[in-house]
Amino acid sequence: GLFVMLGIFVIQYGFFYRGELAQRAGLKPWIVKLCDIANCEIPAQLDIRAIKLVRRDITTHPKVSNALLISAALVNESKNTQPFPIMRIQLSDTVGQILASRKFDPQEYMDADINLRKGMLPGNPIQINLEIVDPGKSAVNFEFDFFYPKIK
């Protein structure tokens, strides 16, 4: 009876912590088999530090007055496909005072023809083009950062 209970515990532990366990190379094949049997999915591995901004540029919009055109490229430097992150852009003045800040969900910054469910493939640069309201001439610095929503 003890071995049966221990086996059930190991299976339950593997099921509920399958995302974390699948990140360990030696355990991943076992977790894949467990999910094949249990008809479950292995959660995407999240490593926000692997999302890198490889190019960024903010210019005055050539066609719309009082607007800026943001052009950027980001890449997933992880070995694994990851979900697209939330992107935050902050514009500040010369002393670091934030003048404007906005968060963009992936469906806002990605082209409509991109399948967001497939996630960010490793090493594949993603081009982003956004139009935002110009906060004024005092906005001289801009910062991008990426994050995933906290899971409760």
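Looking only at the stretch 87-101, decide whether some residue is under 19 Å from LYS52 (Cβ atoms), loosely packed, with under 13 Cβ neighbours inside 10 Å and not aliphatic (A, V, I, L, M). Looking for residues that are under 19 Å from LYS52 (Cβ atoms), loosely packed, with under 13 Cβ neighbours inside 10 Å and not aliphatic (A, V, I, L, M), one finds none in the stretch 87-101, hence no. Residues that are of a type in the set (A, V, I, L, M) and over 10 Å from the mean Cα position of the chain (by Cα) within the stretch 37-62 comprise ILE37, ALA38, ILE42, ALA44, LEU53, VAL54, ILE58, listed in sequence order.
Condition first: in contact with a strand residue (DSSP E or B) (Cβ under 7 Å, 6 or more places away or on another chain), open to solvent by less than 60 Å² (accessible area, probe 1.4 Å) and aliphatic (A, V, I, L, M). Now tell me which residues in the stretch 1-50 satisfy that. Selection gives ALA44, ILE48, ALA50.
Per-residue answers, yes or no, for (1) surrounded by fewer than 14 Cβ atoms within 10 Å (Cβ to Cβ); (2) hydrophobic (A, V, I, L, M, F, W, C); (3) in contact (Cβ under 8 Å) with a residue 12 or more places away in the chain:
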{"residue": "ASP113", "(1), (2), (3)": "yes, no, no"}
{"residue": "GLY119", "(1), (2), (3)": "no, no, yes"}
{"residue": "ILE128", "(1), (2), (3)": "no, yes, yes"}
{"residue": "GLU131", "(1), (2), (3)": "yes, no, yes"}
{"residue": "PRO135", "(1), (2), (3)": "no, no, yes"}
{"residue": "PHE142", "(1), (2), (3)": "no, yes, yes"}
{"residue": "TYR148", "(1), (2), (3)": "no, no, yes"}
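Under 8 Å by Cβ, and 6 or more places apart or on different chains, what pairs join a residue from the stretch 82-100 that is in contact (Cβ under 8 Å) with a residue 60 or more places away in the chain with one that is in a strand (DSSP E or B) and open to solvent by 50 Å² or more (accessible area, probe 1.4 Å)? These pairs meet every condition: PRO85/PHE147; ILE86/LYS103; ILE86/PHE147. On the stretch given as the stretch 102-111, residues that are within 25 Å of GLU41 (Cα to Cα) and either modelled with pLDDT under 90 or open to solvent by 80 Å² or more (accessible area, probe 1.4 Å) (or both) total 1. Within the stretch 51-69, restricting attention to residues that are touching a residue at least 40 places away in the same chain (Cβ under 8 Å), more than 24 Å from ARG117 (Cα to Cα) and touching an Asp or Glu at 6+ places or on another chain (Cβ under 9 Å), the residue that is surrounded by the most Cβ atoms within 10 Å (Cβ to Cβ) is LEU68. Do we find that ASN124 is at pLDDT 90 or above, open to solvent by less than 100 Å² (accessible area, probe 1.4 Å) and not aromatic (Phe, Trp, Tyr) in this structure? Against the criterion (at pLDDT 90 or above, open to solvent by less than 100 Å² (accessible area, probe 1.4 Å) and not aromatic (Phe, Trp, Tyr)), ASN124 qualifies.
Taken over the stretch 80-123, residues that are of a type in the set (S, T, N, Q), closer than 30 Å to ARG24 by Cβ and assigned to a loop (DSSP other than H, G, I, E, B) amount to 3.
The values are calculated or read from the model by the stated rules, or taken from the named source; none is laboratory data. On a predicted model such as this, the values are computed, not experimentally measured, just so you know. Counting neighbours? That spans all protein chains shown, and the Cβs are built from the backbone with ideal geometry, glycine included. SASA here: full protein model, heavy atoms, side chains in, ligands and nucleic acids out. Shrake-Rupley method; radii C 1.70, N 1.55, O 1.52, S 1.80 Å.
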